[in-house]
1. Give me the percent of the accessible area of the range 49-99 that comes from carbon and sulfur atoms, probe 1.4 Å, all protein chains in place.
2. Within a Cβ distance under 12 Å of R121, other residues only, what is the Lys/Arg minus Asp/Glu net charge?
Amino acid sequence: MPSHFGRFLRIPRPCAPAAASRSALGSASAPAPAPAPAAARRLLSAAPSPRMTGGEQQIYTKLSRELRPTKLTVSDASGGCGSMYVVEIEAECFRGLTRVKQTKMVNNLLKEEIKDMHGMRVLCSVPPEQ
């Protein structure tokens with residue numbers, strides 16, 4: 001396997017036409033394109049950040065309303081096209097549940113939104129006891 005092969009596996013796929021993505025990966029001597037900058041961490045606040053995309057705002061609002069998290073981060077990992085999201089959520093309602101049940105809880109709340117996505121990574125946690 002060529003030594004440059006692993007470098008291409010870690011690059012997030014941009015939301016661009018297939019021809020553009022083929023040309024970026026076509027040459028073995030061309031340097032790998034830089035990954036899109038990661039979205040800033042967003043903690044729970046009264047309202048979603050105005051810098052959030054429409055999809056991020058929709059997910060953020062629904063989860064904050066239903067689960068009342070102590071921390072919530074929603075990031076569009078697809079570069080802005082809405083095909084892949086990363087959700088980090090910390091909520092008291094997860095206490096005593098397995099990680100699988102916590103994730104299923106989030107997935108059930110977002111089942112309509114998930115239909116339009118390619119994928120979603122959900123990271124659930126419980127706030128530390130005081």
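The values are calculated or read from the model by the stated rules, or taken from the named source; none is laboratory data. Note that the structure is predicted; figures quoted are calculated from it, not measured. Cβ placement follows ideal geometry from the backbone for every residue including glycine, while neighbour counts extend to all protein chains displayed. Quick note on the areas: whole protein, heavy atoms, side chains included, nothing else; ligands and nucleic acids left out. Shrake-Rupley method; radii C 1.70, N 1.55, O 1.52, S 1.80 Å.
1. About 50 percent, which is the carbon plus sulfur part of the accessible surface.
2. On the way: positive: none; negative: D76, E88.
Within the 12 Å Cβ shell, the charges total -2.
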